[in-house]
Ligand SMILES: [Zn+2]
(Lines give C-alpha, C1' and ligand atoms only; values in the text may rest on other atoms or scores of the structure.)
Protein backbone atom coordinates (compact mmCIF):
# COMPACT_ATOMS: atom_id res chain seq x y z
CA UNK A 1 0.00 0.00 0.00
CA UNK A 2 2.73 2.42 0.99
CA UNK A 3 4.89 1.52 -1.96
CA UNK A 4 1.93 1.87 -4.22
CA UNK A 5 1.35 5.39 -3.03
CA UNK A 6 5.00 6.39 -3.19
CA UNK A 7 5.62 5.27 -6.73
CA UNK A 8 3.64 7.94 -8.51
CA UNK A 9 5.23 10.55 -6.29
CA UNK A 10 8.71 9.43 -7.16
CA UNK A 11 7.91 9.40 -10.84
CA UNK A 12 6.38 12.79 -10.60
CA UNK A 13 9.40 14.14 -8.78
CA UNK A 14 11.71 12.83 -11.49
CA UNK A 15 9.54 14.40 -14.09
CA UNK A 16 9.54 17.76 -12.42
CA UNK A 17 13.29 17.67 -11.98
CA UNK A 18 13.73 16.89 -15.63
CA UNK A 19 11.51 19.82 -16.42
CA UNK A 20 13.52 22.24 -14.34
CA UNK A 21 16.73 21.32 -16.11
CA UNK A 22 15.15 21.63 -19.48
CA UNK A 23 18.36 20.65 -21.15
CA UNK A 24 16.96 17.98 -23.39
CA UNK A 25 16.94 19.42 -26.85
CA UNK A 26 14.28 17.22 -28.28
CA UNK A 27 14.50 17.84 -31.94
CA UNK A 28 11.01 16.77 -32.81
CA UNK A 29 8.74 19.56 -33.99
CA UNK A 30 5.73 20.03 -31.81
CA UNK A 31 2.71 19.41 -33.90
CA UNK A 32 -0.26 18.64 -31.69
CA UNK A 33 1.04 20.26 -28.57
CA UNK A 34 -2.08 22.28 -28.04
CA UNK A 35 -4.13 19.14 -28.09
CA UNK A 36 -1.94 17.67 -25.43
CA UNK A 37 -2.70 20.67 -23.31
CA UNK A 38 -6.33 19.90 -23.57
CA UNK A 39 -5.94 16.40 -22.29
CA UNK A 40 -3.68 17.28 -19.46
CA UNK A 41 -5.95 20.03 -18.47
CA UNK A 42 -9.01 17.93 -18.60
CA UNK A 43 -7.73 15.49 -16.06
CA UNK A 44 -5.60 17.76 -13.99
CA UNK A 45 -7.96 20.60 -13.61
CA UNK A 46 -10.49 18.19 -12.32
CA UNK A 47 -8.24 16.72 -9.71
CA UNK A 48 -6.68 19.95 -8.64
CA UNK A 49 -9.94 21.65 -8.23
CA UNK A 50 -11.16 18.85 -6.11
CA UNK A 51 -8.33 19.10 -3.62
CA UNK A 52 -7.60 22.78 -3.70
CA UNK A 53 -9.21 23.70 -0.46
CA UNK A 54 -9.57 27.27 -1.46
CA UNK A 55 -12.37 29.67 -1.40
CA UNK A 56 -14.56 30.06 -4.42
CA UNK A 57 -15.87 27.24 -6.48
CA UNK A 58 -18.01 28.78 -9.13
CA UNK A 59 -17.46 26.47 -11.99
CA UNK A 60 -14.91 23.94 -10.90
CA UNK A 61 -14.00 22.33 -14.11
CA UNK A 62 -14.68 23.86 -17.40
CA UNK A 63 -13.34 20.91 -19.25
CA UNK A 64 -15.82 18.53 -20.60
CA UNK A 65 -16.64 17.20 -23.98
CA UNK A 66 -13.26 17.69 -25.58
CA UNK A 67 -12.57 14.45 -27.38
CA UNK A 68 -8.86 14.25 -26.90
CA UNK A 69 -8.04 10.73 -27.75
CA UNK A 70 -5.02 11.13 -30.00
CA UNK A 71 -3.10 12.67 -27.20
CA UNK A 72 -2.74 9.65 -25.02
CA UNK A 73 0.93 10.10 -25.86
CA UNK A 74 1.50 12.08 -22.71
CA UNK A 75 3.99 10.06 -20.74
CA UNK A 76 4.22 9.58 -17.03
CA UNK A 77 1.45 9.62 -14.46
CA UNK A 78 1.65 13.36 -14.17
CA UNK A 79 -2.02 13.44 -13.63
CA UNK A 80 -1.41 12.28 -10.11
CA UNK A 81 0.87 15.11 -9.12
CA UNK A 82 -1.69 17.71 -8.16
CA UNK A 83 -3.76 15.13 -6.34
CA UNK A 84 -1.07 14.38 -3.84
CA UNK A 85 -1.02 16.77 -0.95
CA UNK A 86 -0.20 20.33 -1.81
CA UNK A 87 2.75 20.77 -4.13
CA UNK A 88 2.87 24.39 -3.07
CA UNK A 89 5.29 23.46 -0.35
CA UNK A 90 8.24 23.64 -2.68
CA UNK A 91 9.91 27.00 -2.98
CA UNK A 92 8.55 29.21 -5.65
CA UNK A 93 11.25 30.89 -7.63
CA UNK A 94 9.00 33.66 -8.77
CA UNK A 95 8.89 36.71 -6.60
CA UNK A 96 5.69 38.70 -6.55
CA UNK A 97 6.01 41.98 -8.39
CA UNK A 98 6.00 44.97 -6.05
CA UNK A 99 3.17 47.47 -6.18
CA UNK A 100 3.83 50.12 -8.79
CA UNK A 101 2.23 52.51 -11.24
CA UNK A 102 3.69 53.45 -14.59
CA UNK A 103 2.58 54.48 -18.04
CA UNK A 104 2.68 52.36 -21.18
CA UNK A 105 4.22 53.51 -24.45
CA UNK A 106 0.71 54.42 -25.57
CA UNK A 107 -0.12 56.38 -22.46
CA UNK A 108 -2.16 53.80 -20.57
CA UNK A 109 -1.77 53.34 -16.86
CA UNK A 110 0.00 50.14 -15.80
CA UNK A 111 -0.84 49.42 -12.21
CA UNK A 112 0.47 46.48 -10.22
CA UNK A 113 -1.30 45.72 -6.97
CA UNK A 114 -0.56 42.65 -4.88
CA UNK A 115 1.39 41.14 -7.76
CA UNK A 116 -1.50 41.52 -10.21
CA UNK A 117 -1.18 43.99 -13.08
CA UNK A 118 -3.94 46.04 -14.68
CA UNK A 119 -3.45 48.07 -17.82
CA UNK A 120 -6.07 50.76 -18.10
CA UNK A 121 -8.03 48.65 -15.65
CA UNK A 122 -7.76 45.43 -17.65
CA UNK A 123 -6.04 42.54 -15.90
CA UNK A 124 -3.05 41.45 -17.94
CA UNK A 125 -1.12 38.21 -17.57
CA UNK A 126 1.62 37.68 -20.09
CA UNK A 127 5.38 37.11 -20.13
CA UNK A 128 6.12 40.53 -18.69
CA UNK A 129 3.31 40.64 -16.17
CA UNK A 130 2.80 37.58 -14.00
CA UNK A 131 0.43 36.51 -11.25
CA UNK A 132 1.17 35.38 -7.71
CA UNK A 133 1.09 31.61 -7.28
CA UNK A 134 -1.75 32.16 -4.84
CA UNK A 135 -3.96 33.91 -7.41
CA UNK A 136 -6.85 31.49 -7.64
CA UNK A 137 -10.30 32.08 -9.02
CA UNK A 138 -11.28 28.42 -8.95
CA UNK A 139 -13.03 28.71 -12.28
CA UNK A 140 -14.03 31.23 -14.89
CA UNK A 141 -15.03 34.53 -13.37
CA UNK A 142 -18.76 35.19 -13.23
CA UNK A 143 -18.54 37.82 -15.98
CA UNK A 144 -16.50 35.62 -18.24
CA UNK A 145 -18.77 32.69 -17.62
CA UNK A 146 -21.87 34.70 -18.47
CA UNK A 147 -20.26 36.17 -21.57
CA UNK A 148 -19.27 32.72 -22.73
CA UNK A 149 -22.83 31.49 -22.37
CA UNK A 150 -23.98 34.32 -24.62
CA UNK A 151 -21.23 33.62 -27.12
CA UNK A 152 -22.08 29.94 -27.19
CA UNK A 153 -25.77 30.64 -27.64
CA UNK A 154 -25.11 33.08 -30.47
CA UNK A 155 -22.81 30.59 -32.13
CA UNK A 156 -25.44 27.90 -31.87
CA UNK A 157 -27.99 30.23 -33.42
CA UNK A 158 -25.61 30.77 -36.33
CA UNK A 159 -25.19 27.02 -36.64
CA UNK A 160 -21.86 26.56 -34.87
CA UNK A 161 -21.07 24.46 -31.87
CA UNK A 162 -18.69 25.72 -29.22
CA UNK A 163 -17.38 23.97 -26.16
CA UNK A 164 -14.70 24.71 -23.62
CA UNK A 165 -11.62 22.53 -23.70
CA UNK A 166 -9.82 24.43 -21.01
CA UNK A 167 -10.83 27.33 -18.82
CA UNK A 168 -9.34 28.09 -15.42
CA UNK A 169 -6.04 26.50 -14.61
CA UNK A 170 -4.29 27.06 -11.29
CA UNK A 171 -0.59 27.76 -10.77
CA UNK A 172 0.38 24.24 -9.82
CA UNK A 173 -1.36 22.71 -12.80
CA UNK A 174 0.39 25.10 -15.14
CA UNK A 175 3.69 24.27 -13.49
CA UNK A 176 3.24 20.59 -14.24
CA UNK A 177 2.22 21.27 -17.83
CA UNK A 178 5.02 23.70 -18.54
CA UNK A 179 7.70 21.55 -16.96
CA UNK A 180 6.65 18.60 -19.04
CA UNK A 181 6.84 20.62 -22.25
CA UNK A 182 10.28 21.85 -21.28
CA UNK A 183 11.42 18.31 -20.60
CA UNK A 184 10.07 17.07 -23.91
CA UNK A 185 10.72 19.98 -26.20
CA UNK A 186 13.31 22.26 -24.60
CA UNK A 187 12.72 25.52 -22.85
CA UNK A 188 13.00 27.79 -25.88
CA UNK A 189 10.38 25.83 -27.77
CA UNK A 190 8.10 25.43 -24.78
CA UNK A 191 8.16 29.16 -24.16
CA UNK A 192 6.61 29.76 -27.56
CA UNK A 193 3.41 27.90 -26.80
CA UNK A 194 3.22 27.20 -23.08
CA UNK A 195 3.22 29.81 -20.35
CA UNK A 196 5.52 29.51 -17.39
CA UNK A 197 3.64 29.03 -14.13
CA UNK A 198 2.38 32.37 -12.91
CA UNK A 199 2.21 33.73 -16.45
CA UNK A 200 -0.68 31.77 -17.89
CA UNK A 201 -3.76 33.69 -18.82
CA UNK A 202 -5.75 30.63 -17.80
CA UNK A 203 -4.86 31.38 -14.17
CA UNK A 204 -6.91 34.58 -14.44
CA UNK A 205 -10.22 32.78 -14.99
CA UNK A 206 -10.71 35.02 -18.00
CA UNK A 207 -9.34 32.80 -20.75
CA UNK A 208 -10.95 29.94 -22.62
CA UNK A 209 -9.59 27.36 -25.04
CA UNK A 210 -12.30 26.44 -27.48
CA UNK A 211 -13.21 23.19 -29.13
CA UNK A 212 -10.38 20.95 -30.27
CA UNK A 213 -7.56 23.36 -29.36
CA UNK A 214 -6.24 22.88 -32.84
CA UNK A 215 -4.28 25.08 -35.25
CA UNK A 216 -6.83 24.27 -37.93
CA UNK A 217 -9.66 25.69 -35.84
CA UNK A 218 -9.02 29.12 -37.33
CA UNK A 219 -9.75 27.79 -40.80
CA UNK A 220 -13.01 26.12 -39.89
CA UNK A 221 -16.32 27.93 -40.30
CA UNK A 222 -16.70 27.80 -36.53
CA UNK A 223 -13.28 29.30 -35.94
CA UNK A 224 -13.94 32.02 -38.49
CA UNK A 225 -17.24 32.84 -36.86
CA UNK A 226 -15.54 33.12 -33.48
CA UNK A 227 -12.83 35.40 -34.86
CA UNK A 228 -15.42 37.65 -36.46
CA UNK A 229 -17.93 37.78 -33.61
CA UNK A 230 -16.42 37.01 -30.23
CA UNK A 231 -15.77 40.71 -29.54
CA UNK A 232 -19.52 41.28 -29.61
CA UNK A 233 -19.66 39.21 -26.43
CA UNK A 234 -16.59 40.69 -24.77
CA UNK A 235 -13.84 38.37 -25.99
CA UNK A 236 -10.75 38.90 -28.09
CA UNK A 237 -8.57 36.42 -29.91
CA UNK A 238 -5.64 36.75 -27.59
CA UNK A 239 -2.86 35.32 -29.77
CA UNK A 240 -3.60 36.29 -33.36
CA UNK A 241 -1.68 35.16 -36.39
CA UNK A 242 1.50 37.11 -37.10
CA UNK A 243 1.69 38.63 -33.64
CA UNK A 244 4.07 36.26 -31.93
CA UNK A 245 6.68 38.99 -31.48
CA UNK A 246 4.15 41.10 -29.60
CA UNK A 247 2.14 38.55 -27.64
CA UNK A 248 5.06 36.22 -27.04
CA UNK A 249 3.04 33.24 -28.22
CA UNK A 250 2.39 31.38 -31.41
CA UNK A 251 -0.94 31.80 -33.17
CA UNK A 252 -3.75 30.26 -31.10
CA UNK A 253 -7.08 30.56 -32.92
CA UNK A 254 -8.78 28.65 -30.11
CA UNK A 255 -7.75 30.87 -27.19
CA UNK A 256 -10.13 33.70 -26.37
CA UNK A 257 -9.81 36.18 -23.54
CA UNK A 258 -12.64 38.04 -21.82
CA UNK A 259 -11.99 41.79 -21.56
CA UNK A 260 -15.56 43.12 -21.65
CA UNK A 261 -17.54 44.32 -24.64
CA UNK A 262 -16.20 47.88 -24.85
CA UNK A 263 -12.55 46.95 -24.74
CA UNK A 264 -13.09 43.94 -26.98
CA UNK A 265 -14.70 46.07 -29.65
CA UNK A 266 -11.93 48.66 -29.50
CA UNK A 267 -9.22 46.06 -29.79
CA UNK A 268 -11.06 44.24 -32.56
CA UNK A 269 -11.58 47.44 -34.53
CA UNK A 270 -7.94 48.40 -34.11
CA UNK A 271 -6.74 45.19 -35.73
CA UNK A 272 -4.04 45.06 -33.05
CA UNK A 273 -3.29 42.43 -30.48
CA UNK A 274 -3.71 43.36 -26.81
CA UNK A 275 -0.03 44.19 -26.28
CA UNK A 276 0.08 46.48 -29.31
CA UNK A 277 -3.18 48.12 -28.42
CA UNK A 278 -2.01 49.07 -24.95
CA UNK A 279 1.63 49.57 -25.83
CA UNK A 280 3.01 46.96 -23.45
CA UNK A 281 5.54 44.16 -23.77
CA UNK A 282 5.35 40.41 -23.29
CA UNK A 283 8.88 39.26 -22.48
CA UNK A 284 10.30 37.22 -19.67
CA UNK A 285 12.98 38.89 -17.61
CA UNK A 286 15.20 35.84 -17.95
ZN1 LIG B 1 -5.31 28.84 -23.89
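Miscellaneous remarks
- Strands (runs of 3 or more DSSP E) contained entirely in the stretch 94-170, each with at least 1 residues that are within 16 Å of the ligand (Cβ to nearest atom) and either more than 22 Å from the chain's Cα centre (by Cα) or more than 17 Å from residue 264 (Cα to Cα) (or both): 164-166
- Looking only at residues of the stretch 262-284 that are free of Cβ contacts under 8 Å to residues at least 60 places away in the same chain and out of contact with any helix residue (DSSP H, G or I) (no Cβ under 7 Å at 6 or more places or on another chain), we find that the one that is surrounded by the most Cβ atoms within 10 Å (Cβ to Cβ) is 272.
- Of note, residue 180 satisfies the criterion of being modelled with pLDDT of 95 or more, more than 14 Å from the ligand (Cβ to nearest atom) and within 18 Å of the chain's Cα centre (by Cα).
- Of all residues in the stretch 181-202, those satisfying the criterion of being in a helix (DSSP H, G or I) and either touching a helix residue (DSSP H, G or I) at 6+ places or on another chain (Cβ under 6 Å) or at positive phi (or both) are 181, 182, 183, 190, 193.
The values are calculated or read from the model by the stated rules, or taken from the named source; none is laboratory data. No experiment lies behind these values; they were computed from the predicted model shown. Every residue, glycine among them, receives a Cβ derived from its backbone with ideal geometry; neighbour counts consider all protein chains shown.
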